[in-house]
C-alpha cells in the first residue's frame, strides 16, 4: 500500500516519481492509482453537485411564526420566504450557508453542513417594534407591555466589586439602595423597589428570581454571566407572583449559547481599594484638654496637668504616655481586588452552550498579624469562585431541553469574634470605644494591653484572639423542558421547570486567649512595670461548625401566543410550588419546612400594535397561615394605548414620533413576617421567680411555670392595592426617550401587634398580632435615555433616572397617644422619635424661665421645647419627627461618549430627603465613662465655650459623667441631613483596531481603567453619609462604627477570540 504526500506539490509529478521508482510493478500500480483517482474525483464531484432539501420553521423569541421571512443562500440571489406558518423549504448544496432575515430582526447565518432540518429563532433589533421584554413567567413584545418595568444595561455593573446591589441605585428607576458598609464578603447592600411600603416587622425586600427560580442570592451571580436584568414594579407585572409580589420583583437571566462557531471571551481586572471615608479622631492631647474643659466648665478642677498633656504630645515615652491613632494602628491605607472571567459559547441549531468560570478576590484593610504570631492568619480576605454552564438542546423540531448548573464557592478569612459573625465590624467599634491616651496596642515585651478591669486595646482584639475561616458552597441546577404543541393548536406550548438548590457552610477557627498587661510606671532601671490584667496561658484551641439548607422549586405551564391578522392573543396558566428546609434549625418552629404553592393565569390582547389589554391573577398559599386563610387571590388588569400609531397623530410624529399611555390596577400580597404560625398559641417557660404565692412576698416561695408567649389569631396576607399610570414619549427621531411612572399604593392588612387591647384584659405583656396596619405609598419614577451616533465614528449615550416615594402610616395598631405630637399616624413608617431642640441656652436667666431639664444645666447646654407646657422636660415631650434614614429620593446620571476606539463614561448617583441622628454613640457622646471614656471624633472641637459662645456650634458645652445632663438625648439637635451626590463609577477605555488584533488571533481587545465610589459631595462631612446612623443590616453598629464602604481603582483587559 502506498501513502502519497502532496503537500505544496502537483499530484502528477509525485505519482510519476513513485511509480517509476519500481518499474517492475509499474503497470499494475498505474491501474490501481487511476481507479482510485477516478473514484475520489467522482466522489468530489458528487459532493459538489449533490442537492439537499433543507426545511424548517422561523420563529420569534416568543415562539411566534415569522411570516414572509427571507431565507437566502449566502452570496447568491437564490432564496425563498416563509409561509403563513413560518415554514420554508429550499434546495441547497451541503457546503452552502443560509441567511435568515426579516424587518425588525437581526440577520442570522447558518452553515448547512448536510443538515436537512433547520429551525431558526430570530432576535429582535434593539429599540424596534419587535423587541422583547422580560415579564413575570415569560416574555412579551416590548411595545405591548402594560406593566411598569425597568431594565438595566448589564455592562454598567461589570465593576470591581462583589455587591451588585450597591450598583443599582440611580441606574434603574424605582430602585432605592443603601450601602451600610461591611468588610470583604459582608457588604450586602439593602435595596427596595419604590421605597418603604410596609412596617419593619414585614418583609420589605423584592423577590429575586434567577433563571426562573425564586429566592436566589443576587450577589452570588458573576456580572459577566448576566444576560438581562429586569425590575417589575406595579400590580399587573407582579400579581402573577401572588403573595410574594407586593415588594416588587427582580428577574435575572443568565447568558445562553448562540448557534455559531465557538466564541471565547476573557476578562482580567486588578485593582486597589481604599475606605471611602473614616471618622477623624482627636489625638490624646486634644482629648485630655477637652476632658479638662468638661470638668472646669462645670466648676470642677482639671484632671490633667499641662505637663502630663505635653508628655503625650511629644511622644518621648509612648508606652506610659501614648498618643495612639487606632485606625492607623490596626488598619492600612489600601487593599487589593481582583476579578477574572473566561467563558465560551457557541453551538448549532441542534444544541447551544455557554460555559463560564469566574473568580473574585478582595483583601481588606486590616494589617497583617505581627510576624512573631505565625500560628494563625487574621488577614481579612474574601474569595469567590463562580462556575456556570447553560446547555440548550433541541431534542426534536418541537422539543427543547435547557439545563443550567451554577456553582458558587465562597471563602472568607478574618478575625475571630466568637458569636459575633461581624467581627471585622466590631474592630471599628473598638477603635471608637478606646481613647487614645490610656495605653498602646502592644508593649515591648510582646504582650497586648488591657486596662485593669476594663477594655482591651483594639490591637489585642484584632491580633490576639484568633482567626476564623469560612467556606460555603452553593449548587444551583435547574432543568427546563419546553414542548411545542402546534399539533393541538398553533401557538400553544408547554413548559416545565425543576430546580434543587443546596447551600452548605463550614466554619473553622483557631482561637487564643492570651495574657494582657498594663504598664503602671518604670523601675529604677527604666524598665516598664507591668500589672497583669488578664491571666491566660495563650494556648490555641480549635472550633468548627457546619450548616446546610436546601430549596426545591418546580413549575408547569401552558403558554399561548398567536396572531390573527391584526389581532394578537396571549395566555398563560402556571402552577408552581417551592420548599425550603433550614438545616440549621434550632427550634421545632424553624425546623418545619417553609412551603409555597400557587396557580397563576394571564390573558393578553393586542390590536394592530395600537390597543392592548392584559389581565392576570395569582392564587398562592403558604403553610404559615391557618387552613382557612392559607390561600390568597390577587387579580390585576391593565390597558395600553399607543396614540402615535393612530392616523390622526401623523402631523405630530416629527415632534414626538412615539407616544404611549398605560394604566394598571391590581392586588398583590406580602406573606413575609418575622414570626411564624401566628394562628397557634405558644407557651414559654418562665423564670424561676415567675410565680409567687402568699404574703409577704419576700418570704413567699417562687416557682417557674409556663406562660403564653404568643396569642393565637387568624392572620392572613397583607394586601397591596396598586395604581400605576405610565407615559412613554420619544423625541428627536426616537433618539430621546422618556418614560414616566406615577404610582399609588395602599398596603392594608399589615400584621402588627394589637396594642389597643387594655392591660386589664389579662393579656399581660403579650399582644396578639393581627392584620391591622395600613400604609399609603405614592410617588413617581422617571427614566430618560438619549443615544446618538455622531460623525467621525463618535457616539454619545446619556441615561438619567429619578425616583421619589412618600409613605404614610395610616394605621399602626397603637392606641391613641396622650398628645398629638406623639402620634405615629400621618407620618412616614420609619419616622424618628426625638426631643425637639430649641437652640442653646444663652444665659442663666433663660434657664431660670425655661422648663426644668435633668442634670447640670448651664449656658451653652441644649434647650428643649416643653411641648405639653407642664414646666418639665420628660418623655411627654418626645415627638414623632417625619424623617428617616432611608432615602425618599434617589437619582442618577450616566454619561458615555465614544470616538473611534476610545470611550469614556461617568455615573453619578444621588439621594435626597435622608437624615441621620448623630447623638448617643461611641465616639459621639463625650466622657460618658469619665477619663477612660471612648475616643472622640474631630467635630467635638467645634463646641460652645464661654470664650466662643457660638449658638450654631456642632457640640454644646462640654461635660463629663460627673455632671450628667440631657445634652445627649436623641433630639433634633443631632438630626443632620445626609443627602449626597457621588461619582459612583467612572471608566475610560480603548478598543484596539480589529485589523491589528486579528493578526494575533483576537477578534476584539479592549483595555480600560475604571473606579467606584470615587468622589462624594455631602453636607455631612464626618463619615460616609451612605452609612447613615444604622450600621449594617446584620448588626446594631451605628454612627461610624461599622466597616466603611470602599472605593476602588481598577485596570482591566477584555478580549474575545
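The values are calculated or read from the model by the stated rules, or taken from the named source; none is laboratory data. Not measured: the values here are computed from a predicted model. All Cβ positions, even for glycine, are placed from backbone atoms using ideal geometry, and neighbour counts span all protein chains on display.
Screening the range 345-372 for residues that are within 24 Å of the chain's Cα centre (by Cα) and in a loop (DSSP other than H, G, I, E, B) and picking the one that is farthest from residue 328 (Cα to Cα) gives 364. Looking at 985, 1003, just one residue is surrounded by fewer than 21 Cβ atoms within 10 Å (Cβ to Cβ) and either within 28 Å of residue 156 (Cα to Cα) or in contact with a helix residue (DSSP H, G or I) (Cβ under 7 Å, 6 or more places away or on another chain) (or both), and that residue is 1003.
Condition first: assigned to a strand (DSSP E or B), crowded, with 18+ Cβ neighbours inside 10 Å and either under 29 Å from the mean Cα position of the chain (by Cα) or at pLDDT 95 or above (or both). Can you find one or more residues in the range 292-314 that meet it? No, the range 292-314 contains no residue that is assigned to a strand (DSSP E or B), crowded, with 18+ Cβ neighbours inside 10 Å and either under 29 Å from the mean Cα position of the chain (by Cα) or at pLDDT 95 or above (or both). A residue that is in a strand (DSSP E or B) and free of Cβ contacts under 8 Å to residues at least 60 places away in the same chain cannot be found anywhere in the range 437-452. Quick check: anything in the range 801-810 farther than 30 Å from residue 945 by Cα and modelled with pLDDT under 95? No; the residues of the range 801-810 include none that is farther than 30 Å from residue 945 by Cα and modelled with pLDDT under 95. One residue is enough: does the range 693-711 have a residue meeting the conditions at pLDDT 90 or above and exposed (fewer than 14 other Cβ atoms within 10 Å of the Cβ)? No: the range 693-711 contains no residue that is at pLDDT 90 or above and exposed (fewer than 14 other Cβ atoms within 10 Å of the Cβ). Go through the range 318-342 and give me each residue that's surrounded by fewer than 21 Cβ atoms within 10 Å (Cβ to Cβ) and under 25 Å from the mean Cα position of the chain (by Cα). Within the range 318-342, 334, 336, 338, 340, 342 meet the criteria. Of the residues 561, 584, 616, 609, the single one that is closer than 30 Å to residue 644 by Cα and not in a strand (DSSP E or B) is 609.
So that you can scan it fast, the table gives a plain yes or no per residue for (1) touching a residue at least 24 places away in the same chain (Cβ under 8 Å); (2) out of contact with any helix residue (DSSP H, G or I) (no Cβ under 8 Å at 6 or more places or on another chain); (3) over 30 Å from residue 660 (Cβ atoms); (4) surrounded by fewer than 18 Cβ atoms within 10 Å (Cβ to Cβ):
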{"position": "731", "(1), (2), (3), (4)": "yes, yes, no, yes"}
{"position": "738", "(1), (2), (3), (4)": "yes, yes, no, yes"}
{"position": "757", "(1), (2), (3), (4)": "no, yes, yes, yes"}
{"position": "778", "(1), (2), (3), (4)": "yes, yes, no, no"}
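Being exposed (fewer than 15 other Cβ atoms within 10 Å of the Cβ) and within 28 Å of the chain's Cα centre (by Cα): is that true of residue 546 here? Yes. Scan the range 243-276 residue by residue and report those that are closer than 30 Å to residue 720 by Cα and either more than 23 Å from the chain's Cα centre (by Cα) or free of Cβ contacts under 8 Å to residues at least 60 places away in the same chain (or both). Within the range 243-276, 250, 252 qualify. Of the residues making up the range 98-126, those that are surrounded by fewer than 19 Cβ atoms within 10 Å (Cβ to Cβ), in contact (Cβ under 8 Å) with a residue 24 or more places away in the chain and farther than 16 Å from residue 347 by Cβ are 99, 101, 104, 114, 116. Quick check, is residue 749 surrounded by fewer than 15 Cβ atoms within 10 Å (Cβ to Cβ) and either part of a loop (DSSP other than H, G, I, E, B) or on the phi > 0 side of the Ramachandran plot (or both)? The answer is no for residue 749. Set side by side, the residues 666, 694, 640 differ, and just one is touching a helix residue (DSSP H, G or I) at 6+ places or on another chain (Cβ under 6 Å) and either assigned to a loop (DSSP other than H, G, I, E, B) or closer than 30 Å to residue 599 by Cα (or both), which is 666. Residue 788 meets all of the listed conditions (1) loosely packed, with under 15 Cβ neighbours inside 10 Å; (2) farther than 28 Å from residue 231 by Cα but one, namely (2).
Residue 944 meets each of the listed conditions (1) within 15 Å of residue 968 (Cα to Cα); (2) surrounded by fewer than 21 Cβ atoms within 10 Å (Cβ to Cβ) apart from (2).
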